[in-house]
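Right, one structure below, let's go through it.
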Amino acid sequence: MTIRSRRFGAVLGLLAAGVLLLGAPLRAQEAGIPVGSAAPVVSVEDVDGKRVDLGRWIGKQPVVLEFWATWCSNCEALEPAMKAAHARYGDRVAFVGIAVPMNQSPRRVKAYALRHALPLSLLYDREGAAIDAYQVPATSYVVVVDAAGKVVYTGLGGDQDLVAAIEKALR
């Protein structure tokens, strides 16, 4: 086992623990990448196995990144707010769903997204590059990045105010 795979295993364990132990949802800036920092540009796969560089969006336009899973109840609770935000801002803001690889496959992620009509560009973080770079504490973690590539919001849970977060990115 390599150091990277052990570290990735530890990150997945923390994700699982974060999902299981969350009593009340965390609010902005309580966990993950610090607000005000530069958004990391890493490469992950899409659900078809093709490499995708987050630089496709970051530094070019505002971006909403959601780290999610098909089995995450908080992610499902956030879906209506995500759909409403996309309907309102989708012409000016990129919406990217980064699926964590724990207990799901790209095929399952793709099927879920189609069934739920998720308005997200679908990525699958098989190697944990984005999870590591964004210091993801659990699923339903949202990072909003402005057009200059700066993190303006982070939040966790199913009841986040995505409109207020996106408005920060558009200023």
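The values are calculated or read from the model by the stated rules, or taken from the named source; none is laboratory data. Keep in mind it's a predicted model, so treat the numbers as computed, not measured. Here the Cβ positions follow ideal geometry from the backbone for every residue, glycine too, while neighbour counts run over all protein chains shown. In case anyone asks, the SASA skips ligands and DNA or RNA and just uses the protein heavy atoms, side chains included. Shrake-Rupley method; radii C 1.70, N 1.55, O 1.52, S 1.80 Å.
Values for this structure:
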item: Tensor-based shape of region 28-171 (alpha-carbon gyration tensor, a/c under 1.5 rounded, otherwise prolate or oblate); result: rounded
item: Portion, in percent, of the accessible area of region 69-171 that falls on carbon or sulfur, probe 1.4 Å; result: 50 percent
item: Long-range HN-HN contacts of V52 with modeled amide H, under 5 Å; result: V44, E45, D46
item: Region 27-171, dipole about Cα centre (Lys/Arg Cβ +1, Asp/Glu Cβ -1), debye to the nearest 20; result: 320 debye
item: Those chymotrypsin sites (Phe, Trp or Tyr not before Pro) in region 68-148 that DSSP places in a loop and that have at most 16 other beta carbons within 10 Å; result: W71
item: S121, S73, S140, reordered so the largest accessible area comes first (probe 1.4 Å); result: S73, S121, S140
item: Extreme residue, positive dipole direction of region 93-171, given options P101, A148, I131 (C-beta unit charges); result: P101
item: Phi-based couplings in Hz for region 147-159 (Karplus 6.51, -1.76, 1.60; Gly and Pro marked x); result: 5, 7, x, 9, 6, 10, 7, 9, x, 9, x, x, 10
item: V52 accessible area, assembled protein chains, probe 1.4 Å, Å²; result: 10 Å²
item: Long pairs among K50/K110; K60/K168; K50/K83, criterion Cα-Cα beyond 23 Å; result: K50/K83
